[in-house]
Amino acid sequence: MTIDSQENKNAIKGPRDDRWYLNIMSPNTKGDKFAWLDPTSIYINSAAYTDLLDDFVNDLEGIDIDCVAGLDAMGFVLGAGLAARLNKGFLPIRKSGKLCVDTDKVSFDNYSGRTQDMEMRIPAFSPGTRVLLADQWVETGGTMAGAIELVERQQGVVAGLLAIAIEENEATNKYRERYPCLSAVVPGSRWQRECNAQTLSSFENYEARHTFPDAGRMAFK
């Protein structure tokens, strides 16, 4: 699908209120040890990925950042794409044992309750660097807590947290009190209520063909 250039310009000027691309996220078909849905279908659909990044660029207006850090692994997709749009550098925060340079490491409990380790290179940036942390989804907040600790250990400033969705619970409410928190799922929207309940009404009519790269937005109007 080719998106009209003027349509793109208009999208960047102001936020869309439909966030249509959230409709093509896939429900979990593999059980409890996996996340309850899969947003990667947004990334393969060029129109969806473009509009997702457009919305984030618009929402970030007025927030001062020096670089974007993506959390291993799907935060790399959002973080790197957004860093390129913003003309900022990108910092990967990796699962333990992946980096071939000196690292700092933290342990955290992920959304499934498993303990994992995460690493960041030493040094990653100068003290005072303002870092935007990007991940695909924030549910329990454990992974994000680990990333925040790594950034702050190197005297970086967490400029904000960004994800496709940030669920509303005690842990994430504390994040919202401390940092700018940006998500494609807008707080107060039906999308937010459905994400909090970990089910989407779009699952009732989900079709894999809607995720294909040539699928257009008009299918969801």
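The values are calculated or read from the model by the stated rules, or taken from the named source; none is laboratory data. Here the structure is a predicted model, which is why all the values come from computation and not from measurement. We place every Cβ from the backbone using ideal geometry, glycine too, and count neighbours over all the protein chains shown.
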Is there a residue being over 29 Å from residue 127 (Cβ atoms), surrounded by 17 or more Cβ atoms within 10 Å (Cβ to Cβ) and within 17 Å of the chain's Cα centre (by Cα) anywhere in region 202-211? no
Residue pairs within 7 Å by beta carbon, gap of at least six or interchain, first lying in region 35-58 and farther than 16 Å from residue 76 by Cβ, second among the hydroxyl-bearing types (Ser, Thr, Tyr) and assigned to a helix (DSSP H, G or I), listed first then second, are 41/211; 45/211; 48/21; 51/21
- Would you call residue 31 exposed (fewer than 13 other Cβ atoms within 10 Å of the Cβ), assigned to a loop (DSSP other than H, G, I, E, B) and at pLDDT 95 or above? no
Result of the Cβ filter at 7 Å on region 187-210, keeping first residues that are closer than 14 Å to residue 36 by Cα and partners that are in a loop (DSSP other than H, G, I, E, B), at least 6 apart or interchain, is 194/200; 195/167; 195/185; 196/167; 196/168; 198/36; 200/25
Given the conditions (1) within 14 Å of residue 162 (Cα to Cα); (2) free of Cβ contacts under 8 Å to residues at least 12 places away in the same chain; (3) part of a helix (DSSP H, G or I), every one holds for residue 84 apart from (1)
**Message:** Going by what's in this entry, would residue 55 be described as at pLDDT 90 or above, of a type in the set (D, E, K, R) and on the phi < 0 side of the Ramachandran plot?
**Reply:** yes
- [ ] Would you be able to say whether some residue in region 193-201 is under 19 Å from residue 75 (Cβ atoms) and either modelled with pLDDT of 95 or more or over 15 Å from the mean Cα position of the chain (by Cα) (or both)?
- [x] yes
Filter region 94-135 for residues that are over 19 Å from the mean Cα position of the chain (by Cα), in a loop (DSSP other than H, G, I, E, B) and of a type in the set (Ser, Thr, Tyr); the one that is surrounded by the fewest Cβ atoms within 10 Å (Cβ to Cβ) is 126
